[in-house]
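Enquirer: Structure in structure tokens, see below.
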Amino acid sequence: MIHSNLKANSGYLQWGLACIAALLFGQILGCEEEVAPAPPSVRPVKILEVGGGGATRTREYPGEIRATQQAELAFEDAGKLIELPVLEGQDVVENQILARLDPRDFESNRDAQNAKLAEAEADFSRIKALFDADVTSQQEFDAARSRYQVAKAHSDRAIKNLEEDSVITAPFSGTVAKVHVENFQNVQAKQPVLLLQDTSTLDVAVAIPESGFPDNLRSLNREERDAVFQPVVFVSSVEGRSFPARVKEFSPAADPISRTYEAVVSIKTPKDVTILPGMTASVRVNTLTDGSDASISIHVPSRAAVADEQGKAYVWKVDPSSMLVSRLAVELGVLSGDNVTVKKGLSSGDWIAISGVHQLREGMRVRRHEN
């Protein structure tokens, strides 16, 4: 009985040793096999070809801010100011009284002219009655009628002088830009009293060379001109901002000295910054040909630019043949909406990554991501 138990236990022992040996053998074989390295990842990125696609070649021309509408206001007749209720910089509305002359001289003139009119009218009525009765001549009738007509014109003029010409009202809503005189001062006829400007929109006038105009400019409507030039205004006193503009007009006559053409673009007056007529500005427009009087800039999406530890800007340049990325230092200019001007570092035809730029590393391989 004891011998049978020993034999059974011996069988279990042999079976267990065989299992252990098989496990150890498998582990040894596994250790001897080489682990294949994971293939390097290829990151999908959106790629922009500089000079095509989303990049734009533009020119910038210096200019000056102008009021869309302005008027030098003066009296038609001489007189003494008795009312000047506005100050420089004050906003006014259309038909608001801006200045008034002493009306006494105008009233005296009106009364005198009315008296002459009454006399001429009575004389004309008397002679007309005689003429109708064939008592007087045609010549006397014509002379009396002429005297009446002249007196009537003088009377009407005197009334107009009193009611209209002794008062300056705003011809449009705007801002009093300049007050040229003092209250209670004697002013002459046509002497400038106020400068009124409409600054609800602002104009910028620039000089563009003939090479900057497309051949079919005359046939383009305003919307088509905006699409061709895509004007953007930069104001010197407002850093880091740009203002979309519209083409308002252009002169078909060249300046005889510079041989340039004046073009005017308009912008809506912003509410959050102060832009006034006379401020210096520049207009960025798309142009078709090269020239020597304006710098050419390259504009790329601002998300393509990254700052290093020292705050210096760079982009990830993509080698079109190997699709490997490398860091390229650039000098940035003005931020305009979603785009930024690249002043130095990029050339036409360069490929740059414009998505996933913070996950890229030097020498990383990428592939074009179309969506």
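The values are calculated or read from the model by the stated rules, or taken from the named source; none is laboratory data. Given the structure is predicted, the values throughout are model-derived calculations rather than measurements. Every residue, glycine among them, receives a Cβ derived from its backbone with ideal geometry; neighbour counts consider all protein chains shown.
Enquirer: Where the second residue is assigned to a strand (DSSP E or B) and among the charged types (D, E, K, R) and the first is in the same structural domain as residue 153 (by TED's automatic domain parsing) and lies in the stretch 85-112, which pairs have Cβ atoms under 7 Å and are six or more apart or on separate chains?
Expert: Going by the 7 Å Cβ cut-off, the qualifying pairs are 88/178; 99/83; 100/83; 101/80; 102/80.
Enquirer: Return only the number of the condition from (1) surrounded by fewer than 13 Cβ atoms within 10 Å (Cβ to Cβ); (2) of a type in the set (A, V, I, L, M); (3) within 42 Å of the chain's Cα centre (by Cα) that residue 193 does not satisfy.
Expert: (1)
Enquirer: Among the numbered criteria (1) in a strand (DSSP E or B); (2) under 22 Å from the mean Cα position of the chain (by Cα); (3) crowded, with 19+ Cβ neighbours inside 10 Å, which one does residue 200 miss?
Expert: For residue 200, the failing item is (3).
Enquirer: Pull up the stretch 40-55, narrow it to residues that are assigned to a strand (DSSP E or B) and surrounded by fewer than 16 Cβ atoms within 10 Å (Cβ to Cβ), then point me to the one that is modelled with the highest pLDDT.
Expert: 44
Enquirer: Does residue 140 qualify as being farther than 17 Å from residue 76 by Cα and touching a helix residue (DSSP H, G or I) at 6+ places or on another chain (Cβ under 7 Å)?
Expert: Yes: the conditions hold for residue 140.
Enquirer: Separate question: Checking residue 152 against (1) under 30 Å from residue 68 (Cβ atoms); (2) assigned to a helix (DSSP H, G or I), which single condition isn't satisfied?
Expert: So the condition that residue 152 fails would be (1).
Enquirer: Somewhere in the stretch 158-166, is a residue touching a residue at least 60 places away in the same chain (Cβ under 8 Å), in the same structural domain as residue 99 (by TED's automatic domain parsing) and not in a helix (DSSP H, G or I)?
Expert: Taking every residue of the stretch 158-166 in turn, at least one turns out to be touching a residue at least 60 places away in the same chain (Cβ under 8 Å), in the same structural domain as residue 99 (by TED's automatic domain parsing) and not in a helix (DSSP H, G or I).
Enquirer: Could you list, in sequence order, the residues of the stretch 339-366 that are surrounded by 12 or more Cβ atoms within 10 Å (Cβ to Cβ) and charged (D, E, K, R)?
Expert: 343, 350, 365
Enquirer: Quickly run through the stretch 222-252 and pick out the residues that are in contact with an Asp or Glu (Cβ under 8 Å, 6 or more places away or on another chain) and assigned to a loop (DSSP other than H, G, I, E, B).
Expert: 251
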